[in-house]
2 protein chains.
Amino acid sequence: MADVAARFAEVVGEHNLLSGAQVGEDYASDESLTCEPRKPAYVAKPATADEVAALLTAAAEHGVPVTARGSGTGLSGAARPREDGLLISFERMNAVLEVDVDNQVAVVQPGVTLAELDEKTAAAGLAYTVYPGELSASVGGNVSTNAGGMRAVKYGVTRHNVLGLQAVLPTGEILRTGGKTSKISTGYDLTQLIIGSEGTLALVTEVIVKLYPRLAHGATLLAPFGDLDQVMGAVPKIIASGLTPNILEYIDNLTMAAISYNEKLELGVPEEIKNATQAYLVVGLENRDGDRLDGDVERAGELLGELGATDVYVLDGGSARKLIEAREKAFWSAKAAGADDVIDVVVPRSEMPAFLARVRELATAAEGGALGCGHAGDGNVHMGIFCKDPERRRKLLHDIFAAGMAVGGAISGEHGIGQSRKEHYAELEDPAKLALLRRIKQAFDPQGILNPGTLFD
Amino acid sequence: MADVAARFAEVVGEHNLLSGAQVGEDYASDESLTCEPRKPAYVAKPATADEVAALLTAAAEHGVPVTARGSGTGLSGAARPREDGLLISFERMNAVLEVDVDNQVAVVQPGVTLAELDEKTAAAGLAYTVYPGELSASVGGNVSTNAGGMRAVKYGVTRHNVLGLQAVLPTGEILRTGGKTSKISTGYDLTQLIIGSEGTLALVTEVIVKLYPRLAHGATLLAPFGDLDQVMGAVPKIIASGLTPNILEYIDNLTMAAISYNEKLELGVPEEIKNATQAYLVVGLENRDGDRLDGDVERAGELLGELGATDVYVLDGGSARKLIEAREKAFWSAKAAGADDVIDVVVPRSEMPAFLARVRELATAAEGGALGCGHAGDGNVHMGIFCKDPERRRKLLHDIFAAGMAVGGAISGEHGIGQSRKEHYAELEDPAKLALLRRIKQAFDPQGILNPGTLFD
């Protein structure tokens, strides 16, 4: 093994290869609540696609498994390395290579954080619209899990905002897919195939992302409802209104209490209304024109009233920002509250009321709890699962995932399968489809060196 | 072979299996200008996914190649069958199964035409926004080539508007991919992999398409420019304005003359302006609110003037409809004018001026011509190629495709590779990428029975 370490060091330089005690705790896991940290044998920090290719070639020759890591903010364990493996950290490949105003795209390295991309695009009056709620997340990591977030209801998820990639195959070949255009019809779409593949098909070394004009005016409405079903019933009507919200979230009352407490949030909702509220709807609106935004806010307020909201609060800039930030930290609130797992089942939005009712039944039967919030416009339900007993929890998760899939949904809308969901995925997914995915995996990675144990065993 | 015919007939019924002289000319090709018609040995018209699966199973057992056909409006020969093959025509699988208002999706069979889907969704106040300019095209065919069209500048191409599929593998297995949700992060995205695969990976038997609210108010602006480069320079500015046009097309003066003549189009542009015009820009705007639309039309008019338009005409409903219809028929105008081929290279939109200048040089050097129009907002250039000599034309096309790819573009934005471009594709595409595509093909279709000779040999 000294031999392979020497090869890796030759590629990235001594200073950029860690092994043994040099490997810090941070490299041992992502933010998954259930995957035990596991330190890799090696951590390499390449600076170029050529270095990534050389690392993969060396790893393939020596049969060393390879896991990719962006910022490690994933929630499903896909960046958790193997003990006998090489972790490739993209922390040094963190440059915004270009913000191309005429084509409204940016070309970035995978280690670029969303915070930095936001800053660089803002300077050009543009925006990258994927905000999964953690600005320290890397673009490469987002590509790996097909990350989503609150603004997906208007702008789509990572998949809809990546136009091209540079990617390295496990064989060391460097490919370019897609480009600075939104349409290409020449062969199979490798860009889309690699997005969401959780580091099992290829390592992404460059990303072309789509940008939108940054709209000058925005507003956030908060609408408490006495009844969760009413909230869910309101969602399709708001979508159908043509108001095109850029945020459409629900937050159940307990989750709102938790995030308000943790983030010291005071939104001006009177106690008697809070007490009569089962869930809140948060509606974000934006426009390039201030008058038009005002008109939309008025119309949205009327509509929310018609749909059963107890009241409607138009939050001022500071409160709105705090609420959105607090909502983004719902994961941390759930973690702080002692959640045993966090899930993000997606179902058709019309199925949300029935699905949530079923989850409550299942959680009660398991003597556990399921609380949360979610991207209501997308049917993407984020929940903290409270159930200490591992066997009961395993069964509860299985039943929740099965209930989501039974109504045409999926285990995960944006977190991915990773290592934490693969057992349920293997049990619940169509075996013919799983066999096909394995054959596709084989087409990219015949030796199986890329992230073995993620997605499937 | 009598044996396999009997198997096919058993599956679909005697009346729905054609062979020999029963096979009409229509089944011999699509609308490609350069692929010679070629009648298949058999045409089967299944009514269900199970029948498609049984046909594929029988074809695989007997080693019979299989080509799928929607409406046959493709332009690259991907629906041109093999002489020894089975053509599966989806003409009987033509039902809109569901228009789901709450989830804003429709579930359709592949043989549904865009015209019918438009009618059914209009009744619900919704719209399927992919309009490749031929309303008799089928949704299945659109999925196969990842069809685009004029509204892609706002709504994207087929890829961006298909959320899920039912598809049959060559092994006879029936899979469901995606669903009535816009985000899923569980395994490789088979929906996106099958879209644009031109019938080489799987046969699509059901499609879940995304719908949008049908906006009540629309307007079309026509802006003549004295200089083609000015038109191209204007495009990024219009995109950046935030006016979100749903149409942004350029039409060169000769193409405008041809379509005006063929379609008896009178747009009220005075002769002296026509004579001083090198190209026109067509800008479509839409809004749910009439006043807002008026404001946008005014702003767009000012902007076009600032960007160098000689004048700006806001077309009334009838003229606007006629112009758009005429633009959609540009292919037929080119064909009527004796074009020897029609291409649709895509390049980053900022590269259009340089690319078009290069194409003019190449065409002149080949003693030929290249005229056209295109989806300017997408960088998708549609051109009639006039060059009688086959060898000179072959070289001209090669050089045009190479010039497009050299600036980060691709051979086709929406027509596909099919059979008519595969030679150039094989010459120009990265061999490592082609090898990977072949391995993916192998993962779906180990016997190679699905559309052999399309995309690659």
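Looking at (1) part of a strand (DSSP E or B); (2) buried (at least 22 other Cβ atoms within 10 Å of the Cβ); (3) at the interface with chain A (Cβ under 9 Å from one of its Cβ atoms), can you tell me which one residue B:209 breaks?
For residue B:209, the failing item is (3).
What tally of residues in region B:299-348 results from selecting those that are assigned to a helix (DSSP H, G or I) and modelled with pLDDT under 95? Talk me through it step by step, then tell me what you get.
Within region B:299-348, the first condition is being assigned to a helix (DSSP H, G or I), and the residues that meet it are B:299-306, B:317-328, B:330-336.
Cutting the leftovers down to modelled with pLDDT under 95 gives us B:317-328, B:330-336.
Total meeting the criteria: 19.
If you scan region B:380-428, which residues turn out to be under 19 Å from residue A:177 (Cα atoms), of a type in the set (A, V, I, L, M, F, W, C) and either more than 9 Å from every other protein chain (Cβ to nearest Cβ) or surrounded by fewer than 24 Cβ atoms within 10 Å (Cβ to Cβ) (or both)?
Scanning region B:380-428 gives B:401, B:402, B:403, B:405, B:406, B:407, B:426, B:428.
Can you tell me how many residues in region B:212-224 are of a type in the set (Gly, Ala, Ser), surrounded by fewer than 19 Cβ atoms within 10 Å (Cβ to Cβ) and in a strand (DSSP E or B)? Don't jump to the end; show me each part of the working.
Within region B:212-224, the subset of a type in the set (Gly, Ala, Ser) is B:216, B:218-219, B:223.
Going one step further and asking which of them are surrounded by fewer than 19 Cβ atoms within 10 Å (Cβ to Cβ), we end up with B:216, B:218.
Now drop any that are not in a strand (DSSP E or B), which leaves B:218.
So the count comes out to 1.
Of the residues A:419, A:447, which single one is under 23 Å from the mean Cα position of the chain (by Cα) and closer than 25 Å to residue A:84 by Cβ? It would help to see each step written out before you state the result.
Values: A:447 fails: under 23 Å from the mean Cα position of the chain (by Cα).
Just one listed residue meets the conditions, A:419.
Which ranges mark the helices (runs of 4 or more DSSP H) fully within region A:225-291 that have 2 or more residues being surrounded by 17 or more Cβ atoms within 10 Å (Cβ to Cβ)? Steps first, please.
Numbers: elements: A:228-240, A:253-263, A:271-275.
Where helices (runs of 4 or more DSSP H) fall fully within region A:225-291 and carry at least 2 residues being surrounded by 17 or more Cβ atoms within 10 Å (Cβ to Cβ), they are A:228-240, A:253-263.
Before we move on, is residue B:145 more than 10 Å from chain A (Cβ to nearest Cβ) and in contact (Cβ under 8 Å) with a residue 40 or more places away in the chain? Give the steps one after another, and end with the answer.
Working: more than 10 Å from chain A (Cβ to nearest Cβ): no; in contact (Cβ under 8 Å) with a residue 40 or more places away in the chain: yes.
So residue B:145 does not fit the description; no.
Tell me, yes or no, whether region A:119-131 has at least one residue that is in contact with a helix residue (DSSP H, G or I) (Cβ under 9 Å, 6 or more places away or on another chain), more than 14 Å from chain B (Cβ to nearest Cβ) and more than 29 Å from residue A:345 (Cα to Cα).
Of all residues in region A:119-131, those in contact with a helix residue (DSSP H, G or I) (Cβ under 9 Å, 6 or more places away or on another chain) come to A:125-131.
Now drop any that are not more than 14 Å from chain B (Cβ to nearest Cβ), which leaves A:128.
Still in the running and more than 29 Å from residue A:345 (Cα to Cα): none.
Within region A:119-131 (the criterion being in contact with a helix residue (DSSP H, G or I) (Cβ under 9 Å, 6 or more places away or on another chain), more than 14 Å from chain B (Cβ to nearest Cβ) and more than 29 Å from residue A:345 (Cα to Cα)), the answer is no, since none of the residues qualifies.
Given (1) surrounded by fewer than 22 Cβ atoms within 10 Å (Cβ to Cβ); (2) away from chain A (no Cβ under 14 Å); (3) not aromatic (Phe, Trp, Tyr), identify the lone condition not met by residue B:175.
It fails just one condition, (2).
Tell me the helices (runs of 4 or more DSSP H) entirely within region B:353-457 that contain at least 2 residues that are of a type in the set (A, V, I, L, M, F, W, C) and touching a residue at least 40 places away in the same chain (Cβ under 8 Å). Before the answer, list the steps.
Working: elements: B:390-406, B:422-428, B:431-444.
The helices (runs of 4 or more DSSP H) meeting that bar are B:390-406, B:431-444.
Can you tell me which condition residue A:330 does not meet? The list is (1) touching a strand residue (DSSP E or B) at 6+ places or on another chain (Cβ under 6 Å); (2) over 18 Å from residue A:380 (Cβ atoms), and all the others hold.
The one condition residue A:330 does not meet is (2).
The values are calculated or read from the model by the stated rules, or taken from the named source; none is laboratory data. Predicted, not measured: the structure shown is a model, and the values here were computed from it. Here the Cβ is made from the backbone with ideal geometry for all residues, glycine too, and neighbour counts use every protein chain on show.
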